[in-house]
Amino acid sequence: MQGHYNALFLCTGNSARSIMAEAILNSKGRPNFTAYSAGSHPSGTVRPEALRQLEMAHLPIDGLRCKAWDEFSLPGSPKLDFVFTVCDNAAKEVCPIWPGQPMTAHWGVPDPAAAHGTEAEVERAFREAFFILERRISLLLSLPLKTLDSLALKRELDNIGQTMAPVTHE
């Protein structure tokens with residue numbers, strides 16, 4: 001693999017998990033990674049709780065917006081090296097054909113936007129999603145990408161998706 005990588009995080013609404021993943025990787029992965037996010041059915045609004053979580057982690061939020069995933073399958077779009085689905089709905093949907101056949105993996109994370117309860121319980125759901133994504137992205141960044149062949153890399157990406165099994169809220 002080369003030295004600079006483009007990664008796309010996909011979810012259904014592109015309002016929380018994929019947005020947080022984009023911001024985390026753009027911060028932690030600089031200068032080797034550029035991250036993007038998109039949704040199959042973008043909600044149109046980034047959740048304020050997601051933005052608040054990013055601000056608490058001192059990550060930039062400028063430019064974060066909900067986007068449709070077809071923006072990244074058009075001519076002139078960035079060439080994607082990795083595509084990660086971060087929610088079950090997007091993993092089950094038929095994804096566009098990505099030019100260049102990027103490496104794909106599913107990193108399911110419970111949807112904090114679906115959390116109900118007190119303000120503290122909702123904030124905890126966003127915090128937990130953030131920490132799961134941050135841990136998985138840290139593991140991605142620790143991989144010796146330049147030396148892994150595609151089968152070994154696919155195996156490692158799938159293993160990362162299994163780390164920090166999501167906590168269920170009851």
Condition first: modelled with pLDDT under 90, crowded, with 16+ Cβ neighbours inside 10 Å, assigned to a helix (DSSP H, G or I) and polar (S, T, N, Q). Can you find one or more residues in segment 84-94 that meet it? yes
Could you check segment 39-62 and list, in sequence order, the residues that are of a type in the set (D, E, K, R) and touching a residue at least 40 places away in the same chain (Cβ under 8 Å)? Arg47, Glu49, Arg52
Being under 20 Å from Arg127 (Cβ atoms) and in contact with a helix residue (DSSP H, G or I) (Cβ under 8 Å, 6 or more places away or on another chain) narrows it down to one of Leu59, Leu80, so name that one. Leu59
Qualifying residues in segment 19-34 (those that are out of contact with any Lys or Arg (no Cβ under 9 Å at 6 or more places or on another chain) and among the small types (Gly, Ala, Ser)) - the one nearest to Leu140 (Cα to Cα): Gly29
Which residues, counting only those in segment 3-22, are over 20 Å from His106 (Cβ atoms) and in contact with a helix residue (DSSP H, G or I) (Cβ under 8 Å, 6 or more places away or on another chain)? Gly3
Does segment 8-28 hold any residues that are touching a residue at least 60 places away in the same chain (Cβ under 8 Å) and either touching a Leu at 6+ places or on another chain (Cβ under 6 Å) or assigned to a helix (DSSP H, G or I) (or both), and which are they? Leu8, Arg17, Ser18, Met20, Ala21, Ile24, Leu25, Lys28
Would segment 72-81 turn up any residue that is among the acidic types (Asp, Glu), part of a loop (DSSP other than H, G, I, E, B) and under 20 Å from Leu140 (Cα atoms)? yes
Among the residues of segment 106-129, count how many are more than 25 Å from Asp158 (Cα to Cα), touching a residue at least 24 places away in the same chain (Cβ under 8 Å) and among the β-branched types (Val, Ile, Thr). 1
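The values are calculated or read from the model by the stated rules, or taken from the named source; none is laboratory data. Predicted, not measured: the structure shown is a model, and the values here were computed from it. Neighbour counts are summed over all protein chains in view; Cβ atoms, including those assigned to glycine, are modelled from backbone coordinates with ideal geometry.
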